[in-house]
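Enquirer: Before we start, here is the structure in question, set down as structure tokens.
The values are calculated or read from the model by the stated rules, or taken from the named source; none is laboratory data. Since the model is a prediction, treat every value here as computed from it, not as a measurement. Neighbour counts are summed over all protein chains in view; Cβ atoms, including those assigned to glycine, are modelled from backbone coordinates with ideal geometry.
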Amino acid sequence: MPTIAPSTSQISPANERLYHQSALIGDWKGNWVGNNQPVDFKVVNIRGARAQVEYTHNGHTERGFAQVKGTLITFGGVTVGTKDGKNMVLLFSFGGSGRQTANLEKQAPPASDSRLMGSWGGYSSDNGKSASFKVLAVNGNEAQVSVTTDGITRQGTGIVYKNVIMFGQAQIATDDGQNGKIIYQVGTKSFMVPVTKYPPADSSSSVDRTA
């Protein structure tokens with residue numbers, strides 16, 4: 001059985017409820033205030049109090065691990081944060097007194113022809129279970145996903161194999177890109193939920209109104 005890559009995000013449910021740390025994950029691009037030079041900050045994943053990041057400025061990229069505290073990520077002299085998951089403020093401190101600010105926007109996931117891309121959901125009358133699975137981006141054999149089973153949502157990086165994505169104790173599979181099934185495990189029991197792909201959300205963004 002394939003193992004989940006060590007880069008899988010691990011955000012505690014408590015931190016997600018308080019700070020919505022998953023909103024920080026993604027590729028952010030923008031410009032410095034003042035000189036309008038481009039700057040890019042990418043949050044690959046978050047594991048507890050550490051985030052794997054890439055910071056591109058002045059034509060070169062720095063990669064490494066940053067510190068996560070609440071809604072903020074600090075990488076050397078750089079601190080970033082977002083309130084709405086769409087816009088990010090980047091603050092660079094240097095020399096104790098100097099500061100430079102940049103405004104960044106989250107970039108849309110790269111286009112993919114994967115049949116698994118999109119939001120899936122369904123209900124099984126056989127076991128009374130409902131489940132949903134969002135595939136946000138597919139890059140080679142990895143996918144950024146959000147899975148909700150038994151009322152608990154988990155986000156991170158899953159493993160792609162053909163038309164199947166495996167993430168933790170859950171997996172989604174589809175043959176035609178419109179209908180599929182989610183199989184997830186709780187303890188020693190496995191549950192299967194048939195799912196269908198939702199139509200693309202409009203500009204008002206779909207929100208789970210059942211909560």
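Enquirer: Looking at (1) surrounded by fewer than 17 Cβ atoms within 10 Å (Cβ to Cβ); (2) aliphatic (A, V, I, L, M); (3) in contact with a Pro (Cβ under 9 Å, 6 or more places away or on another chain), which is the only condition residue 117 fails?
Expert: The number of the failed condition is (1).
Enquirer: Consider residue 146 carefully, then state whether it is in contact with a Gly (Cβ under 6 Å, 6 or more places away or on another chain), at pLDDT below 95, in a strand (DSSP E or B) and hydroxyl-bearing (Ser, Thr, Tyr). Full working, then the answer.
Expert: Details: in contact with a Gly (Cβ under 6 Å, 6 or more places away or on another chain): no; at pLDDT below 95: yes; in a strand (DSSP E or B): yes; hydroxyl-bearing (Ser, Thr, Tyr): yes.
No; evaluated as a whole, the condition is false for this residue.
Enquirer: Let me ask something additional. Among the strands (runs of 3 or more DSSP E) confined wholly to the stretch 55-128, which include 3 or more residues that are in contact with a strand residue (DSSP E or B) (Cβ under 6 Å, 6 or more places away or on another chain), modelled with pLDDT of 95 or more and farther than 30 Å from residue 175 by Cβ? Working first, answer last.
Expert: Numbers: elements: 60-69, 72-75, 78-82, 87-94, 98-106, 118-124.
Once the strands (runs of 3 or more DSSP E) in the stretch 55-128 are filtered for at least 3 residues that are in contact with a strand residue (DSSP E or B) (Cβ under 6 Å, 6 or more places away or on another chain), modelled with pLDDT of 95 or more and farther than 30 Å from residue 175 by Cβ, what remains is 60-69, 72-75, 78-82, 87-94, 98-106.
Enquirer: Is it the case that the stretch 44-66 has a residue that's over 19 Å from the mean Cα position of the chain (by Cα) and in contact (Cβ under 8 Å) with a residue 60 or more places away in the chain? Let's see the steps before the verdict.
Expert: As a first pass, look at the stretch 44-66 and keep what is over 19 Å from the mean Cα position of the chain (by Cα): 56-62.
Filter once more, so that each one left must be in contact (Cβ under 8 Å) with a residue 60 or more places away in the chain: none.
The answer is no, given that none of the residues of the stretch 44-66 is over 19 Å from the mean Cα position of the chain (by Cα) and in contact (Cβ under 8 Å) with a residue 60 or more places away in the chain.
Enquirer: Still on this model: Is it the case, given these coordinates, that residue 124 is surrounded by fewer than 17 Cβ atoms within 10 Å (Cβ to Cβ) and within 26 Å of residue 73 (Cα to Cα)?
Expert: On the way: surrounded by fewer than 17 Cβ atoms within 10 Å (Cβ to Cβ): yes; within 26 Å of residue 73 (Cα to Cα): no.
So residue 124 fails the test.
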